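Chemist: Here it is: the structure, laid out below.
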Amino acid sequence: MHQTNVNNKIQYNSHIDKSEIPTCEIIGVHIAAINMKWLMEFLANNLRGTLENILAGQYICVCNVHATVMANEDSEYRRIQNESLMSIPDGGPLSTIGRRRGHKNMERTTGPDLMEEVFKQSVENEYKHYFYGSTEDTLKKMNHILQRNYPGIQIVGMYSPPFSLLEPKKEEEIIKEINRTNPDFIWVGLGAPKQERWMASQQGKVNGLMIGVGAGFDYVATNIKRAPIWMQKYNMEWFYRLIQEPKRLFKRYVVTNIKFIYYVILDSFSKG
């Protein structure tokens with residue numbers, strides 16, 4: 001399938017050769033066996049590879065242990081993850097498993113780190129950004145911080161959707177507005193699994209590369225503090241988040257982590 005819309009300048013190519021993206025299947029989810037250097041080179045080579053953004057209309061999932069477990073338990077969500085351009089290893093355990101399975105260069109590639117690396121190169125490469133998600137206050141804070149930290153960065157639009165689903169007509173208006181701004185990156189901060197489902201529903205409709213970054217907006221806006229580097233290095237960032245919000249995150253992290261270990265063991269036995 002190749003879709004072009006002259007008015008909105010959309011060029012959607014669902015036949016991008018994904019074979020060049022190495023993957024490691026972990027409990028049914030195809031996790032990209034990559035690192036940050038590989039990903040940044042991939043984006044630089046493909047975003048401006050032609051007169052159009054050849055990644056427009058595609059989406060990237062930022063996949064951690066929680067999202068991987070949800071995908072294992074929900075076949076539709078697993079399909080959405082596996083039909084993305086790629087699902088990058090946000091969770092440390094994912095990259096650890098990948099390396100043990102022979103992907104020696106696979107490293108944790110988090111949403112906040114990816115955002116920072118892209119922002120650093122945005123002015124020089126004239127990347128344009130649209131932000132979809134979070135609250136009005138968070139978007140305002142994020143806009144101020146990005147303009148201060150990356151003078152000249154092109155933020156072409158921001159939208160905070162209501163918690164409930166948008167009516168089809170309103171959704172269509174928002175997509176038209178996004179396409180009017182002609183962004184290179186459409187950052188989506190709705191949280192999993194909502195953001196992945198939204199991106200999948202907009203595949204081929206938007207003029208930009210969608211990346212679901214979960215709490216990435218809150219990190220940029222400094223609503224949430226990241227764990228110290230040493231905790232990130234030892235895959236303990238989840239524990240730092242748990243200490244910050246124990247009531248909200250206990251089930252997500254503790255229960256989900258136990259499930260993940262159980263599913264990985266089962267998967268290993270089934271593959272002999």
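Chemist: Along each of the three principal axes of the Cα atoms of the stretch 169-272, give the extent in whole Å, ordering the values from largest to smallest.
Modeler: 46, 40, 25
Chemist: To the nearest 0.05, what FRET efficiency results for Lys247 and Asp17 with a Förster distance of 41 Å applied to their C-beta separation? Spell out each step's value before the answer.
Modeler: On the way: r = 46 Å, r/R0 = 1.11.
Efficiency, rounded to the nearest 0.05: 0.35.
Chemist: Suppose R0 equals 30 Å; then what is the FRET efficiency for Phe163 and Met36 from their Cβ-Cβ distance, rounded to the nearest 0.05?
Modeler: Approximately 0.40, to the nearest 0.05.
Chemist: Starting from the amide H of Leu190, placed 1.01 Å from N in the peptide plane, find each other amide H under 5 Å away whose residue is 5 or more places distant or on another chain.
Modeler: The answer is Gln195, Val213, Gly214.
Chemist: Let me ask something additional. If we sort 257-270, 112-125, 209-222 on the protection proxy, mean other Cβ atoms within 10 Å, highest first, what's the order?
Modeler: So the peptides 257-270, 112-125, 209-222, ranked by packing, come out 209-222, 112-125, 257-270.
Chemist: If you don't mind, there's one more thing I want to ask. Along Cα→Cβ, 7 Å out, is where each label goes; now give me the distance between the ones at Arg226 and Phe269 in nm to one decimal.
Modeler: The modelled label-to-label distance comes out at 3.9 nm.
Chemist: At 0.36 nm per residue, and after removing the present C-alpha to C-alpha distance, how many nm does the segment from Asp137 to Gln121 gain when stretched out fully?
Modeler: Details: separation 16, 0.36 × 16 = 5.76 nm, distance 2.58 nm.
Value of the extension gain: 3.2 nm.
Chemist: How much space per residue, in cubic angstrom, does the convex hull of the C-alpha atoms of the chain take up?
Modeler: On the way: hull volume 36.9 nm³, N = 272.
Here the figure is 136 Å³ per residue.
Chemist: At a 1.4 Å probe radius, carbon and sulfur cover how many percent of the accessible area of the chain?
Modeler: On the way: 7310 of 13670 Å².
Here it works out to 53 percent.
Chemist: Sequence neighbours fewer than 8 away in the same chain don't count; with that in mind, list the aspartates and glutamates whose C-alpha is under 16 Å from Lys140.
Modeler: Partners within reach: Asp218.
Chemist: Please list, or write none, the lysines whose alpha carbon is within less than 29 Å of the alpha carbon of Lys104, excluding same-chain residues fewer than 8 places away.
Modeler: The qualifying lysines are Lys18, Lys37, Lys120, Lys233, Lys259, Lys271.
Chemist: Also: Residue-wise, which Karplus ³J(HN,Hα) couplings in Hz belong to the stretch 180-186, taking 6.51 cos²θ - 1.76 cosθ + 1.60, θ = phi - 60°, and x for glycine or proline?
Modeler: Karplus-based 3J(HN,Hα) across the stretch 180-186 equals 4, 7, 6, x, 7, 10, 10 Hz.
Chemist: Under the 0.36 nm per residue contour assumption, what length would be gained going from the current alpha-carbon distance of Thr96 and Ala44 to full extension?
Modeler: On the way: separation 52, 0.36 × 52 = 18.72 nm, distance 2.63 nm.
So the chain would gain 16.1 nm between Thr96 and Ala44.
Chemist: Let me check against my output: what whole-number percent is the relative contact order of the stretch 111-216, with C-alpha pairs under 8 Å and at least 6 apart?
Modeler: This gives 32 percent for the stretch 111-216.
Chemist: How big is the charge dipole of the stretch 116-272 about its Cα centre, in debye rounded to the nearest 20, if each Lys and Arg gets +1 on its Cβ and each Asp and Glu gets -1 on its Cβ?
Modeler: 540 debye
Chemist: Helix-only mean residue ellipticity at 222 nm, the chain, DSSP H runs n ≥ 4 weighted -39,500 (n - 2.57), per residue, nearest 500. What is it?
Modeler: -13500 deg cm²/dmol
The values are calculated or read from the model by the stated rules, or taken from the named source; none is laboratory data. All figures in this text were calculated on a predicted structure; none of them were measured in a lab. As a convention, Cβ positions derive from the backbone with ideal geometry for all residues, glycine included, and neighbour counts pool all protein chains shown. Note: accessible area is taken over every heavy atom of the protein model, side chains too, but ligands, DNA and RNA are not part of it. Shrake-Rupley method; radii C 1.70, N 1.55, O 1.52, S 1.80 Å.
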